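Just so it is clear, none of the values below were taken in a lab; they were calculated from the coordinates. These figures come from a predicted structure and were not determined experimentally. Positions of Cβ are backbone-derived with ideal geometry, glycine not excepted, and every protein chain shown enters the neighbour counts.
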Amino acid sequence: MQIEGYLPPDQRKKILFICDDIRMHSGVATMSREIVLGTAQHYNWVSIAAAIDHPESGKRLDLSQATNQETGLTDSSVVLYPNNGYGNADLIRALIKAEKPDALFFFTDPRYYDWLFAIENEIRKQIPMIYINIWDDLPAPLYNRAFYESCDTLLAISKQTRNINEMVLGAKAKDKIITYVPHGINEKQFYPIKNQDELKETKKKIFGDKEFDFTVFFNSRNIRRKCISDLMAAHKLFLDSLPKEKADKVALVLHTQPVDNNGTDLYAVRELLFGKNSNVFFSDQRIETPELNRLYNIGDVTVLPTSNEGWGLALTEAMMAGKMIIANVTGGMQDQMRFEDENGKWIDFTSEFPSNHFGKYRKQSTKGNVQ
C-alpha cells in the first residue's frame, strides 16, 4: 500500500516532541496524537509524554507496533518517555544525547516551559526549537516576547494566535517562521451517522425512555472558563421562551464531570434552575471515540460558551459530525465560525483588527474549509 509522504525509516527526521501523553484525552493529547499518527510515515517520533502524577513515569515505551496497526504502516517508530509534567533541563539534555533528534517540537501554554526557554541557546546550537502555540485572548501578551524569540518556528493554531505572535515579536517577526496550523479532525472518527438505529443504545443510556425533539450538547471540562453554569442559565431562558409542550421536548446533555474543584457543582446548578425533574442530563464517564461521535450525533447543536478558548476542539468534532455550533467569539473558535469581511473573504487579523469579539463582522458562510 502506497502511503502519501512515505519515507523509509533511515531517511526520516527524528522529532523530540514534548506534549501531553498521546494516549490520554486532553485537547493537547488528542491533537498531539493526530500529529504523530498523521506523520508517522514521514518522521520518527520520540515524546516526553506528560501527565500529572504519571503512573508510568521513568519508563521507556515503544508504541511503534500500535502505531502500525492504527496507520497501516509496517515500520513506524514512536517512543514515549512518560513523565510527571513536561520535563526539565536535565531530561532534555539526556534525551538529546541518547536519541539524537533532528528537532525539538513542543506544544501548549508557554508558562509550562520557563525551564526550556532558559536553556534555548544551548539547545538551538544543536537542533531547532519548533513551538506549536496557543494564545486565546487580548491584549497581546508582550511578556511572552522572550519566549517567542527563543524559538526558530512558531506554529499558530489560530489566526488570532498567529497575529499575536507577530504583534509581540514586532520587527523580529521577520526572522522567524510563523505559520498558521489549525487543528484537524480525522473524518473516520467523527462523521454524520445516518442510520438512527445506531444511536438507539446511546439515547437509551442518556435519556432512558424519554424522547426529545431537540437536543443541545456540551462537551468539555468542568472548569470556570468553560462557563457551564452560564450555558445552563441560557438554556433555562430558552425553555422559558417556549410553550410548555415544546419546552418539555428539549434536552440538554452535558458531557463533563458534574462536580469539579476547578469548576462548580453542576448538580446544584441543575436543581436550582430546573428543579428535581429536569431534562438536563449528565454523561460523566470516559468514553472511546466511537461513542463520543454518537453523542455528537444525538445532539442537534453543540454549544461551547467558553470565555477564552485556544481552539475549541468540541466545535470541530461537532461540525465533522454534521452539527451546528454555537460559541463565544474568542480565540480559535472565531476561525471555525467563518466570518466573512466586506469582500466575502474569511476574516484575518491585524494589529488594528486583532479580534472579532466586538462583532465588526457578522456574516458567516458554510462554504470551504479552514484556510
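Straight Cα distances below 20 angstrom link Lys200 to the lysines Lys210, Lys249, Lys323, with same-chain residues fewer than 8 positions distant left out. Could you give the angle, 0 to 90 degrees to the nearest 10, between helix 89-99's Cα long axis and the longest principal axis of the Cα atoms of the chain? Its long axis makes an angle of about 70 degrees. Considering all C-alpha pairs of the range 175-315, those separated by over 22 Å amount to 43%.
Its relative contact order, with pairs defined as Cα atoms under 8 Å and 6+ residues apart, puts the range 9-133 at 28 percent. Helix 289-298: angle to the longest alpha-carbon principal axis of the chain, degrees 0 to 90, nearest 10? Taking the Cα atoms of the chain, the angle to 289-298 is about 30 degrees.
With R₀ fixed at 25 Å, the C-beta to C-beta distance from His42 to Thr179 puts the FRET efficiency at about 0.90.
Could you calculate the contour length gain from Ala89 to Asp62, that is, 0.36 nm times the residue separation minus the distance between their Cα atoms, to one decimal place in nm?
Values: separation 27, 0.36 × 27 = 9.72 nm, distance 2.30 nm.
My answer for the length gained is 7.4 nm.
Across the options Asn163, Leu61, Cys151, the greatest Cα extent toward the positive end of the charge dipole of the chain (unit charges at beta carbon of Lys, Arg, Asp, Glu) belongs to Asn163. A straight line joining the Cα centroids of the range 16-65 and the range 115-148 runs 21 Å.
Need the full-extension length gain, Leu273 to Lys97, defined as separation in residues times 0.36 nm minus the C-alpha distance. One decimal, nm. List each step's numbers first, then the result.
Numbers: separation 176, 0.36 × 176 = 63.36 nm, distance 5.81 nm.
That works out to 57.5 nm of additional length.
Taking every alpha-carbon pair under 8 Å whose residues sit at least 6 apart, the chain reaches a relative contact order of 13 percent.
Across all directions of projection, what mean area in square nanometres is found for the Cα convex hull of the range 9-133? Write down the numbers at each step before the final one.
Details: hull surface 28.9 nm².
One quarter of the hull surface, i.e. the mean projection, equals 7.2 nm².
Specify the residue with the greatest mean-square fluctuation among Tyr86, Tyr296, Tyr143, computed from a Gaussian network of the chain linking alpha-carbon atoms under 10 Å apart. Evaluated over the chain, the most mobile residue of the options is Tyr143.
Placing +1 on the Cβ of every Lys and Arg and -1 on the Cβ of every Asp and Glu, with no other charges, gives the chain a dipole of roughly 260 debye about its Cα centre.
Starting with the fewest neighbours, write out Cys151, Cys19 ranked by other beta-carbon atoms found within 10 Å of each beta-carbon. Kindly include the intermediate steps, with their values, before the conclusion.
Details: Cys151 26, Cys19 23.
Going from least to most buried by this count: Cys19, Cys151.
Extension gain, Gln189 to Trp115: 0.36 nm times the residue separation minus the Cα-Cα distance gives 23.0 nm. Secondary-structure-derived ellipticity at 222 nm for the chain, considering helices only, amounts to -8500 deg cm²/dmol, per-run term -39500 (n - 2.57) for DSSP H runs with n ≥ 4. For the peptides 31-44, 64-77, the ranking by packing is 31-44, 64-77, with the highest mean count of neighbouring Cβ atoms within 10 Å listed first.
Basic side chains Lys and Arg get +1 at the Cβ, acidic Asp and Glu get -1 at the Cβ, and with that the dipole of the range 196-337 about its Cα centre reaches some 240 debye.
Over all other residues within a Cβ to Cβ distance under 9 Å of Val46, the charged ones net out to 0, with Lys and Arg as +1 and Asp and Glu as -1.
Between Lys323, Lys176, Lys345, the residue with the greatest mean-square fluctuation in the GNM of the chain (Cα pairs under 10 Å linked by springs) is Lys345. Projecting the Cα atoms of Ala247, Asn297, Leu273 onto the charge dipole of the range 196-337, computed from C-beta unit charges around the Cα centre, puts Leu273 farthest toward the positive end.
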